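The values are calculated or read from the model by the stated rules, or taken from the named source; none is laboratory data. The shown structure was predicted, so the numbers you read here are calculated from the model rather than taken from an experiment. All Cβ positions, glycine included, derive from the backbone under ideal geometry; neighbour counts span all protein chains shown.
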Amino acid sequence: MTQSWNDGDCSFDPVSAPDFLPGDQLRALQLQRLKSVVNWAYPRVELYRKRMEETGLTPGDIRSLDDVRRLPFTTKKDLIDTYPFGLFASSMSDIVRLHASSGTTGRPIVVAYTQEDISVWAEVMHRSFAACGLHRGDIIQNAYGYGLFTGGLGAHYGAEALGATVIPMSGGNSDRQIMVMRDFGVTAICCTPSYFIHLIERAGELGVDVKKLPIRAGVFGAEPWTEGMRRRIQAESNIKAYDIYGLSEIIGPGVGIECCHQDGLHIFEDHFLVEIIDPASDRPCKDGEEGELVLTTLSKRAMPILRYRTHDITAIIPEPCKCGRTIRRIQRIARRSDDMFIIRGVNVFPSQIETALLAAEGTLPHYQITLTRDKGLDQIEVQVEVTPDLFGDKIGALEGLQNKLESSLERTLGLRADVRLVEPHTLARSEGKARRVKDLRNL
Amino acid sequence: MKLHQLSLFLENRPGHLIAPCKALAEAGINILTLSVADTQRFGILRFVVRDWEKAKAVLTERGHVVNVTEVVAVEVTDRPGGLVEILETIGAAGVNVDYMYAFTFKRGERGALLFRFDDTDRGIAALKAKGIGVLGCEELYRLLEAK
């Protein structure tokens with residue numbers, strides 16, 4: 001299976017073998033695992049069992065990969081409604097780790113891992129790093145946040161499995177990141193692409209030319225980015241910038257990765273079953289046709305997820321990749337089918353902004369969210385219409401209101417947002433579902 | 001003794017003062033005095049008109065956010081130290097001046113200033129005790145219209 005392998009000039013890592021499975025073997029493995037995960041989840045997760053019973057479906061009805069379409073969808077709302085542990089399929093005595101999403105709609109989403117799940121996660125991250133040409137001997141600076149967020153520990157375990165030297169920086173403290181990058185001879189970094197752009201700029205201010213450092217690769221994800229950003233990063237730092245895809249609900253980072261050809265993201269299909277559907281009609285899309293990515297975990301035991309609606313819009317790339325991997329690719333994800341936006345790696349829903357505004361003043365003013373990108377860093381500005389309730393005669397009172405709203409937003413979102421007070425009736429009102437978010441980031 | 005001042009929220013951007021002023025003009029309301037307080041992003045237009053209730057209704061109807069505040073018009077002698085006398089009186093009474101601005105008219109040696117105190121009643125009492133003229137609404141309007 002390694003004769004088709006073509007990962008540039010780097011050596012073959014045996015962990016990548018499943019990436020090159022012949023198509024029929026891959027599909028047989030997927031089917032076996034799909035049956036197994038449905039068999040596992042059905043008796044253990046009430047939500048799945050109830051929904052399957054409603055349509056008269058039993059685990060035994062899953063006989064082919066196409067039968068996945070008979071399974072019910074799982075949505076973010078399901079995860080919220082079953083907060084915290086409602087979708088767990090393993091007992092706590094078998095669960096070794098919990099993570100939580102960055103509080104999407106007020107309540108966070110909690111995800112769980114058994115020891116085997118952690119191994120699968122480390123494996124797909126290991127395969128991700130290998131696909132971008134990293135190997136034992138590399139020094140990887142992990143600037144994803146450590147903690148409840150899956151990015152930090154996900155990348156950490158994968159990089160250790162790879163045999164690389166991991167520097168667990170976590171996010172923030174840019175000057176120190178740059179010092180470590182330079183002094184420790186870092187060869188690869190993991191972080192959000194916008195943060196790396198910020199680091200390049202800051203390094204320039206500190207008189208450090210990233211181009212002259214040994215660093216040669218960046219594994220960037222946790223937020224949408226573009227080819228334009230990739231070109232900029234690669235030109236300004238002389239590294240190869242790889243797009244990685246993942247989501248906590250499915251496992252964390254490591255659902256898919258670009259290979260050295262940087263042309264679409266390979267999904268680790270032996271662990272994640274991919275469907276692309278038309279988000280409006282739920283009908284399957286043809287290869288090459290854009291639609292919503294729907295994922296089923298094939299190996300997870302603590303929290304198996306059936307047909308998860310990611311809201312990420314992409315398409316299957318049907319042509320085989322030059323690298324020889326048989327696991328298929330999806331297009332880079334540039335937009336989402338819902339209102340959620342990702343800013344500095346944090347998922348934000350307009351409803352959270354509402355919650356924060358409401359919490360601050362007890363009333364909900366009309367508001368709009370504008371996303372911009374300033375010097376490579378994402379910024380949120382929340383424009384709030386001043387109402388008679390909110391308006392005081394003194395400048396200090398208005399500034400106080402602004403600060404109060406800002407700190408409430410920061411508490412709720414976990415990141416800083418600027419509040420701009422605007423005159424009443426100046427923000428657009430639309431019929432039906434309000435378009436609350438103005439994204440000017442040109443993603 | 002107290003005047004009703006209207007305050008209006010404005011964004012700090014070109015042209016944003018026009019709409020409320022135009023609304024007042026169209027309603028035939030004359031602005032007796034005004035001031036604009038500004039920050040980087042927003043400002044407050046504060047002004048005094050004779051028929052403040054009508055002005056408030058006109059502006060509110062046009063969608064502006066209007067606030068009514070009690071302020072005090074104080075007579076001031078137009079010579080060096082005229083203002084100091086008032087401020088010392090107010091300061092000695094422990095009353096804080098939130099902001100102030102002036103009326104443009106002058107009657108002989110006397111002008112008038114507009115004060116917003118943190119404690120309006122105490123401010124007025126202190127000024128009166130010191131024999132400093134506090135102008136009532138009618139007196140003020142008469143003076144303004146006589147000029």
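Out of all the residues in segment A:333-362, which are closer than 19 Å to A:LYS286 by Cβ and either in contact with a Phe, Trp or Tyr (Cβ under 8 Å, 6 or more places away or on another chain) or surrounded by 19 or more Cβ atoms within 10 Å (Cβ to Cβ) (or both)?
Residues of segment A:333-362 closer than 19 Å to A:LYS286 by Cβ: A:333, A:337.
If the condition is that a residue be closer than 19 Å to A:LYS286 by Cβ and either in contact with a Phe, Trp or Tyr (Cβ under 8 Å, 6 or more places away or on another chain) or surrounded by 19 or more Cβ atoms within 10 Å (Cβ to Cβ) (or both), then A:ILE333 is the only one that fits.
In segment A:264-345, which strands (runs of 3 or more DSSP E) lie fully inside it and hold 3 or more residues that are at pLDDT below 95?
Numbers: elements: A:265-267, A:272-277, A:291-297, A:308-314, A:341-343.
So the answer is A:308-314, A:341-343.
Report whether or not B:ARG79 is more than 23 Å from B:ASP38 (Cβ to Cβ) and of a type outside the set (Gly, Ala, Ser). Before you say what the answer is, go through the steps one by one.
Numbers: more than 23 Å from B:ASP38 (Cβ to Cβ): yes; of a type outside the set (Gly, Ala, Ser): yes.
So B:ARG79 passes the test.
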- Query: When you go through (1) away from chain A (no Cβ under 11 Å); (2) part of a loop (DSSP other than H, G, I, E, B) one by one for B:GLY63, which number turns out not to apply?
  - Reply: (1)
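Here's a check for you: in segment B:31-72, which residue that is among the aliphatic types (A, V, I, L, M) and out of contact with any strand residue (DSSP E or B) (no Cβ under 7 Å at 6 or more places or on another chain) is surrounded by the fewest Cβ atoms within 10 Å (Cβ to Cβ)? Outline the logic, then answer.
Taking segment B:31-72 and keeping what is among the aliphatic types (A, V, I, L, M), we get B:31-32, B:34, B:36-37, B:44-45, B:48-49, B:55, B:57-59, B:65-66, B:68, B:71-72.
Narrowing the set further to residues that are out of contact with any strand residue (DSSP E or B) (no Cβ under 7 Å at 6 or more places or on another chain) leaves B:57-58.
Details: B:ALA57: 13, B:VAL58: 20.
The residue in question is B:ALA57.
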- Test A:ARG63 against the stated conditions and say whether it is surrounded by 14 or more Cβ atoms within 10 Å (Cβ to Cβ), in the same structural domain as A:ASP117 (by TED's automatic domain parsing) and either out of contact with any Pro (no Cβ under 7 Å at 6 or more places or on another chain) or not in a loop (DSSP other than H, G, I, E, B) (or both). no
- Restricting attention to segment B:73-97, the residues that are among the aliphatic types (A, V, I, L, M), more than 14 Å from chain A (Cβ to nearest Cβ) and either surrounded by fewer than 17 Cβ atoms within 10 Å (Cβ to Cβ) or not in a helix (DSSP H, G or I) (or both) number exactly 8
- Note on the structure: Checked segment A:103-122 for anything within 17 Å of the chain's Cα centre (by Cα) and either at pLDDT below 95 or at positive phi (or both); matches are A:GLY103, A:THR104, A:THR105, A:PRO108, A:ILE109
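Could you tell me which of the residues B:LEU24, B:LEU32, B:LEU3 is touching a Cys at 6+ places or on another chain (Cβ under 7 Å) and more than 9 Å from every other protein chain (Cβ to nearest Cβ)? Give the derivation first.
Values: B:LEU24 fails: touching a Cys at 6+ places or on another chain (Cβ under 7 Å); B:LEU32 fails: touching a Cys at 6+ places or on another chain (Cβ under 7 Å).
From the options B:LEU24, B:LEU32, B:LEU3, the qualifying one is B:LEU3.
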- Working only within segment A:404-431, note down all residues that are more than 12 Å from chain B (Cβ to nearest Cβ) and more than 30 Å from A:CYS191 (Cα to Cα). A:LYS404, A:ALA428, A:ARG429, A:SER430, A:GLU431
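Evaluate segment A:187-209: report whether one residue or more is of a type in the set (S, T, N, Q), surrounded by fewer than 19 Cβ atoms within 10 Å (Cβ to Cβ) and within 24 Å of the chain's Cα centre (by Cα).
no
Could you count how many residues in segment B:98-120 are more than 21 Å from B:ILE31 (Cβ to Cβ), within 14 Å of chain A (Cβ to nearest Cβ) and assigned to a strand (DSSP E or B)? Break it down into steps so the answer makes sense when it comes.
Applying the first criterion (more than 21 Å from B:ILE31 (Cβ to Cβ)) to segment B:98-120 yields B:108-110, B:117-120.
After this cut, where a residue has to be within 14 Å of chain A (Cβ to nearest Cβ) as well, the list is B:117-118, B:120.
Among the residues that remain, those that are also assigned to a strand (DSSP E or B) are: B:117.
Total satisfying the criteria: 1.
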- For segment A:374-396, name all the residues that are under 26 Å from A:ARG441 (Cβ atoms), in contact with a Leu (Cβ under 8 Å, 6 or more places away or on another chain) and not acidic (Asp, Glu). A:GLN379, A:ILE380, A:VAL382, A:GLN383, A:VAL384
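Within segment A:379-401, take every residue that is closer than 19 Å to A:ARG436 by Cβ and not aliphatic (A, V, I, L, M) and give me the one that is nearest to the other protein chains (Cβ to nearest Cβ). Let's see the steps before the verdict.
Taking segment A:379-401 as the starting set, the residues that turn out to be closer than 19 Å to A:ARG436 by Cβ are A:379-387, A:390.
Now restrict to residues that are not aliphatic (A, V, I, L, M): A:379, A:381, A:383, A:385, A:387.
On the way: A:GLN379: 15, A:GLU381: 11, A:GLN383: 10, A:GLU385: 9, A:THR387: 6 Å.
Residue satisfying both the conditions and the ranking: A:THR387.
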- Task: Please verify whether segment A:231-239 includes one or more residues that are surrounded by 17 or more Cβ atoms within 10 Å (Cβ to Cβ), under 21 Å from the mean Cα position of the chain (by Cα), under 30 Å from A:THR75 (Cβ atoms) and assigned by TED's automatic domain parsing to the domain that holds A:CYS132.
- Result: no
